[in-house]
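To keep things clear, I will list the structure first and then write my remarks on it.
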Amino acid sequence: MIPLSAYTAVSAVLFMTGLLGVLVRRNFIIVLMSVEMMLNAANINLVAFSHYLESMAGQLVALFVIAIAAGEAAVGLAIIIVVFRGKISTNVDEMNLLKW
Amino acid sequence: MTLVFFAYFALVSIVSGVLTVALRHPVHCALALLALLLHVSGLFILLNAEFLWAVQVIVYVGAILVLYLFVLMLMNLKTDERYFHPSALYLVGPAILGVVYVIFLLLQSPFDGAKGTAPPSVVLQDGGTYAVGIKMFSDHILQFEIVGIFLLGAIIGAIVLAKTPKTMDPKEERS
């Protein structure tokens with residue numbers, strides 16, 4: 001029997017890795033991938049607690065998190081395409097204007 | 001046996017997570033993310049969440065990741081950009097120390113709480129998908145509708161954003 005804390009430890013490591021990716025990387029697409037990784041870490045936590053506390057609610061919230069991740073990916077990639085069309089760069093440091 | 005599978009899925013997902021952040025070429029990062037998502041879905045199987053396993057494989061790996069790869073190949077990115085924010089490197093050491101401390105605390109605590117209404121025997125009677133569906137369409141129907149509206153908004157927003165703009169004077173566009 002695997003303890004619940006093992007799952008939470010895996011989830012914590014994944015979340016911190018994703019947070020590091022968001023803070024450290026400069027490519028906008030990789031920043032978005034790191035956000036997906038953080039959402040996955042949250043999902044592991046939700047499903048693990050749902051299993052160990054014998055409740056279905058955690059799995060439902062994980063489903064909603066997946067749906068929101070899908071919407072975030074679609075809108076984020078559309079924004080990347082618009083920015084790339086205008087400036088030919090995906091460096092987050094060079095995106096400092098909302099409108100020009 | 002379960003422990004072996006858990007160790008495999010956990011280790012590979014952590015390693016591929018680190019690779020997603022650390023690799024240089026964006027397409028390689030996307031492929032590492034693919035490995036991460038598949039192994040996280042393996043963890044879901046170990047937690048008796050078959051429906052979430054299917055959703056993870058179909059939606060994350062099949063739709064979201066393919067969208068990422070599509071955009072990456074559409075943009076034909078160069079890899080010769082500078083790699084890290086130089087100032088952020090000073091945060092890596094404290095961050096690793098903090099993670100080790102948090103994991104130390106996590107592995108010590110017992111995590112006990114009030115049990116819910118879905119023990120494995122009840123869930124396995126009709127299957128996990130049945131239990132999720134009953135719960136979603138009875139107690140959580142409002143959230144379900146809100147997510148539907150949200151996805152519709154995301155679709156419309158993505159189409160409006162990515163639409164080809166009307167041809168403008170290039171000087172006017174840049175000014």
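Some values worked out for this structure:
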| quantity | calculated |
| --- | --- |
| Filtered GluC sites (Glu not before Pro), region A:24-98: DSSP coil and at most 11 other beta carbons within 10 Å | none |
| Whole-Hz ³J(HN,Hα) from phi, Karplus 6.51 cos²θ - 1.76 cosθ + 1.60, for region B:120-135, glycine and proline x | x, 5, 5, 5, 6, 5, 10, x, x, 5, 4, 4, 4, x, 4, 5 |
| Cβ-based exposure ranking for A:17, B:2, in which fewest neighbours within 10 Å come first | B:2, A:17 |
| Orientation-averaged projected area, Cα convex hull of region A:35-80 (nm²) | 2.8 |
| Residue B:54 versus residue B:137: modelled label distance in nm, points set 7 Å from Cα along the beta carbon direction | 1.4 |
| GNM result for chain B, Cα springs below 10 Å: residue of B:55, B:100, B:122 fluctuating most strongly | B:100 |
| For B:11-24, mean number of other protein chain Cβ atoms within 10 Å | 5 |
| Rg over Rh [alpha-carbon atoms, Kirkwood Rh] for chain B | 1.05 |
| Of A:66, A:78, A:4, farthest towards positive along the dipole that unit charges on Lys, Arg, Asp, Glu beta carbons give region A:4-94 | A:78 |
| Sequence-distant residues sharing a close amide H with residue B:23 (under 5 Å, placed H) | none |
| Average partner coverage of A:19-32, which counts Cβ from other chains inside 10 Å | 6 |
| Choice from B:161, B:34, B:47 showing the highest fluctuation, given a GNM over chain B with Cα pairs closer than 10 Å | B:161 |
| Number of partner chain Cβ atoms within 10 Å, mean per residue of B:132-138 | 2 |
| Coarse-grained scattering of chain A at q = 0.19 Å⁻¹, given as base-10 log I(q)/I(0) from a Debye sum over alpha-carbon atoms | -0.92 |
| Kirkwood Rh, Cα atoms: Rg over Rh of the protein assembly as shown | 1.01 |
| Test item: Cα-centred dipole of chain B, Lys/Arg +1 and Asp/Glu -1 on Cβ, debye | 400 |
| Relative compactness, region B:1-82, computed as alpha-carbon Rg over 2.2 N^0.38 Å | 1.22 |
| Table column - 3J(HN,Hα) (Hz), region B:11-21, Karplus curve with 6.51, -1.76, 1.60, x for Gly and Pro | 5, 5, 5, 5, 5, 6, x, 4, 5, 4, 7 |
| Region B:123-164 - Kirkwood radius from inverse mean 1/r over Cα pairs (Å) | 12.3 |
| GNM flexibility winner over chain B from B:158, B:118, B:35 (Cα, springs under 10 Å) | B:158 |
| 3J(HN,Hα) from dihedral phi, region B:91-104, Karplus parametrisation 6.51/-1.76/1.60, rounded to Hz, x for glycine, proline | 7, 5, x, x, 5, 5, 4, x, 5, 4, 5, 4, 5, 4 |
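Rule-based calculations on the coordinates, nothing more; no lab input. Bear in mind that the values here come from a model prediction, so they are computed numbers and not experimental data. Note: ideal-geometry Cβ built from the backbone for every residue, glycine included; neighbour counts use all protein chains shown.
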